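Note sheet for the following structure.
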Amino acid sequence: MTNAITYNHGVAWEEAFGVTQGYSVNGTIYISGQFSHDMQGAFVGEGDIEAQTRQTLENLDLVLAEFGVTRSNIAEVEIYLTNPQEHFEQCVVLLKEYVGDHRPAATLIGVSGLAFPHQLVEIRAVAHTD
């Protein structure tokens, strides 16, 4: 039997999709893909990759904080971009700003679309509690 702990932002689609934002078990935190929305569920930053990336990273911070860890506990990030040719450099700059001197493993993937029509970026992560 494991002692799994979960966290949700409390937005409507979590229940509708049957997922959790963060799932911690045995010292590892699996963080669902985060994207640009406020805590009322409203989309933030339509057409603006910087605004969307910053809000997405803020949402990632909320999940980390719920498990009592910080950005330095991130082991891996996966970034999904709908327009990697146009947004790659700006996204990398924002990620470097976000992680500071910490260097998690990272993958950036170009995709043809994401869950919501105005969504330009989604970021998922794996972190550790120790």
**OP:** Determine whether GLN55 is free of Cβ contacts under 8 Å to residues at least 60 places away in the same chain and surrounded by 19 or more Cβ atoms within 10 Å (Cβ to Cβ).
**Re:** yes
Original post:
In the set GLU78, GLU86, which member is under 17 Å from GLN21 (Cβ atoms) and not aliphatic (A, V, I, L, M)?
Top reply: GLU78
**OP:** Being under 14 Å from the mean Cα position of the chain (by Cα) and of a type in the set (Asp, Glu) narrows it down to one of GLU58, GLU89, GLU46, GLU15, so name that one.
**Re:** GLU58
**OP:** Please work out which residue is nearest to GLU78 (Cα to Cα), limiting yourself to segment 1-18 and to residues that are of a type in the set (Val, Ile, Thr) and in contact with a strand residue (DSSP E or B) (Cβ under 6 Å, 6 or more places away or on another chain).
**Re:** THR6
Subject >> Residue, nearest to ALA65 (Cα to Cα), within segment 13-29, restricted to residues that are among the aliphatic types (A, V, I, L, M) and without any contact (Cβ under 8 Å) to a residue 60 or more places away in the chain >> reply: VAL25
Original post:
Which condition number in (1) within 20 Å of LEU120 (Cβ to Cβ); (2) touching a residue at least 60 places away in the same chain (Cβ under 8 Å); (3) of a type outside the set (Val, Ile, Thr) is the one that ASP38 fails?
Top reply: (2)
Original post:
What pairs come up if the first residue lies in segment 96-107 and is free of Cβ contacts under 8 Å to residues at least 12 places away in the same chain, the second is assigned to a helix (DSSP H, G or I) and surrounded by 10 or more Cβ atoms within 10 Å (Cβ to Cβ), and their beta carbons are under 7 Å apart, counting only those six or more places apart or on different chains?
Top reply: none
Original post:
Among the helices (runs of 4 or more DSSP H) contained in segment 1-109, which hold 2 or more residues that are modelled with pLDDT of 95 or more?
Top reply: 49-66, 84-99
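The values are calculated or read from the model by the stated rules, or taken from the named source; none is laboratory data. Since we're looking at a predicted model, the values are computed, not measured. So basically every Cβ, Gly included, is an ideal-geometry build from the backbone, and we count neighbours across all protein chains shown.
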